[in-house]
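Participant: I have a structure here, written as structure tokens, and I will follow up with some questions on it.
The values are calculated or read from the model by the stated rules, or taken from the named source; none is laboratory data. Here the structure is a predicted model, which means the values were calculated and not measured. All Cβ positions, glycine included, derive from the backbone under ideal geometry; neighbour counts span all protein chains shown. All accessible areas refer to the heavy atoms of the entire protein, side chains included, with ligands and DNA or RNA removed. Shrake-Rupley method; radii C 1.70, N 1.55, O 1.52, S 1.80 Å.
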Amino acid sequence: MPMYQVKPYHEGSGSLRVELPTCMYRLPNVHGRTGSPAPSADHVQEASDPSLQALESRQDDILKRLYELKAAVDGLSKMIQTPDADLDVTNIIQADEPAALSTSAVDLNTMLGQDHGALKDIVINANPAWPPLSLLVLHQLLCDHFRVLSSVHTHSAVQGVPAHLLQCFGEQTRQRPRHEYQLGFTLIWKDVPKTQMKFSVQTMCPIEGEGNIARFLFSLFGQKQDAVNLTLIDSWVDTAIFQLKEGSSKEKAAVFRSMNSALGKTPWLVGDELTVADVVLWSVLRQTGGCGGTVPANVQKWMRACENLGAFHTALKLLQ
């Protein structure tokens, strides 16, 4: 006898029919809709995030610029070898040039601006503790090419300037009226951390650093150089200021080796003609006392060649 009486679930003797599901989830068929074509790949791409497209475009631009910079650096590395890497910086074919300092006619109005009747006066502030020997050499070269009115003064804040510094331009006598001079060159002994130059006190900021001023003054001679030589000259000037003057003993030794190698091929540092690189390097060597017995033979010969030129005699007198 059963414990619980349960009514039959189905009547009669028919079989029980149970419908089982054929899929777990049902979704509408997008292909079966009328008037609604299936989405294409282009539609999916257009529906992407605009910020993602902007990011991809920016990445492409950055990569393109990086490739261009890499190509430019590779081109420069094939042209220039730096002296601090202890490599030969003159392993480049030099054009034949005359031995003397060749100059071309320079329009001072173009270089220094219209004077409107006033004398173009280059004013240099220099510290008497570190006389800029290269600027004295360039002053003498300017006097050889232009009618220069030279003068030396002392700033009121500086006391006890030696007499030979006050007479570094010789006797300051005016041999002609002021308006007949082409250029003024005024040197003021002043307590400044770096040598400064102005040729238009009202309209320009000062040019600082002996190397930068020497570059500007030498440009007044109108010397013609190709791009390769100009790059080498700038490299030597920077080497003189940052490695020979301010560098370690290891850096100075590397500079001497590079100079000795270059001067073994040409009489001057860049080709067969005196350049601002020779003037600045000679000045730094004399200022730092780097002319002793450890200087290579080619460098010593080059220094004697510099000091045999009349333009260097004024600077040499300050060292005596």
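Participant: Which residues, counting only those in the stretch 248-267, are part of a loop (DSSP other than H, G, I, E, B) and free of Cβ contacts under 8 Å to residues at least 12 places away in the same chain?
Facilitator: Listed by number, the list holds a single entry, Ser248.
Participant: Restricting to the stretch 262-274, name every residue that is open to solvent by 10 Å² or more (accessible area, probe 1.4 Å) and charged (D, E, K, R).
Facilitator: Selection gives Lys265, Asp272.
Participant: When you scan the stretch 259-283, how many residues do you find that are among the small types (Gly, Ala, Ser) and under 21 Å from Phe218 (Cα atoms)?
Facilitator: Residues meeting the conditions: 3.
Participant: Report, by residue number, each residue of the stretch 176-221 that is surrounded by 14 or more Cβ atoms within 10 Å (Cβ to Cβ) and assigned to a helix (DSSP H, G or I).
Facilitator: Hits for the stretch 176-221 are Glu210, Gly211, Asn212, Ile213, Ala214, Arg215, Phe216, Leu217, Phe218.
Participant: Scan the stretch 231-242 and report the pairs whose first residue is outside the structural domain of Phe216 (by the TED database) and whose second residue is open to solvent by 10 Å² or more (accessible area, probe 1.4 Å) and among the basic types (Lys, Arg), with Cβ atoms within less than 7 Å and a gap of 6+ or a chain change.
Facilitator: Here the result reads Val237/Arg215, each pair linking the stretch 231-242 to a residue that is open to solvent by 10 Å² or more (accessible area, probe 1.4 Å) and among the basic types (Lys, Arg).
Participant: Quick one: which residue in Ser258, Ser249 is surrounded by 19 or more Cβ atoms within 10 Å (Cβ to Cβ) and among the polar types (S, T, N, Q)?
Facilitator: Ser258
Participant: Further question on the same structure: Looking at (1) assigned by the TED database to the domain that holds Trp282; (2) modelled with pLDDT of 90 or more; (3) within 15 Å of Val279 (Cβ to Cβ), which is the one condition that is false for Lys245?
Facilitator: Of the numbered conditions (1) assigned by the TED database to the domain that holds Trp282; (2) modelled with pLDDT of 90 or more; (3) within 15 Å of Val279 (Cβ to Cβ), the odd one out for Lys245 is (2).
Participant: Among Ala315, Ala277, Ala305, Ala297, which is the only one that is hydrophobic (A, V, I, L, M, F, W, C) and open to solvent by 40 Å² or more (accessible area, probe 1.4 Å)?
Facilitator: Ala297
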